[in-house]
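K.L.:
Before I ask anything, here is the structure I am working with.
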Amino acid sequence: MKILAIADIHNREFGKVNEEVDVVIVAGDFTNADGVDFAKKSVSTLRDYFPNAKILAIPGNMDVKEVLDFLENEGISIHGKVVSVNNIKIGGVGGSNPTPFNTPFELEENELKEMLKEFECDIAVIHTPPYGYFDWIAGKSVGSTAVKDWMIERKPKILICAHIHEYEGVAKAGDTLIVKLGTIMNGRGAIIDLDEKFENVIVRFIKI
């Protein structure tokens, strides 16, 4: 299965990837807390670019509730749920742990913990990174402890995250491969190639 993963669009136009993919994952922040219109435009663009792909998405901390409502109505939201694609379970949690900026969709750590406690999935799509991974701002980790604890306990094969704009990369945490996405607003995305048993996983960061 080939996945295109993108995040942190923040009302920016983005180009087309010149290869076919099976799944498109948007890991949050379609907008800048200014309504739902650009989320609608982004989903329409992705459907035009990838008419045969399954589109899955979560809202980010900068997305107002109407964005989540739109994603739910379109049948592409995986916020708070797990879906199966080609026998691979993909689950998602949007929003973020609290920030200093009082953004529209923030969850306390205990709320994130509650949302995640029943999650069993092969690929987790969580807007905020786990604490201690790609989350350093001014020398301090600002990721989620609830996400980290869940990752260590439940051991998803892949965890796709975003949110902290400064970082892009991969890291191994126990049995989990963390894929930290760059931002679409800076023209960055990732292609993830994998087999059904996750014996071969290749991550390519690309310019979009």
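The values are calculated or read from the model by the stated rules, or taken from the named source; none is laboratory data. Predicted, not measured: the structure shown is a model, and the values here were computed from it. Glycine gets a Cβ as well: all are built from the backbone with ideal geometry, and neighbour counts include every protein chain shown.
K.L.:
Name every residue in the range 94-144 that is among the hydroxyl-bearing types (Ser, Thr, Tyr) and out of contact with any strand residue (DSSP E or B) (no Cβ under 8 Å at 6 or more places or on another chain), in order of residue number.
P.N.:
Passing the criteria: only 141.
K.L.:
Looking only at residues in the range 38-61 that are farther than 12 Å from residue 4 by Cα and either of a type in the set (S, T, N, Q) or in contact with a helix residue (DSSP H, G or I) (Cβ under 7 Å, 6 or more places away or on another chain) (or both), which one is surrounded by the most Cβ atoms within 10 Å (Cβ to Cβ)?
P.N.:
59
K.L.:
Another one. Within the range 10-17, is even one residue more than 17 Å from residue 130 (Cα to Cα), buried (at least 18 other Cβ atoms within 10 Å of the Cβ) and under 16 Å from the mean Cα position of the chain (by Cα)?
P.N.:
yes
K.L.:
Testing residue 118 on (1) outside any loop (DSSP other than H, G, I, E, B); (2) at pLDDT below 95; (3) not hydroxyl-bearing (Ser, Thr, Tyr), one condition comes back false. Which one is that?
P.N.:
The number of the failed condition is (1).
K.L.:
Another question, then. Residues that are within 14 Å of the chain's Cα centre (by Cα) and either under 18 Å from residue 112 (Cα atoms) or at pLDDT below 95 (or both): find the strands (runs of 3 or more DSSP E) completely inside the range 143-208 holding 2 or more of those.
P.N.:
158-161
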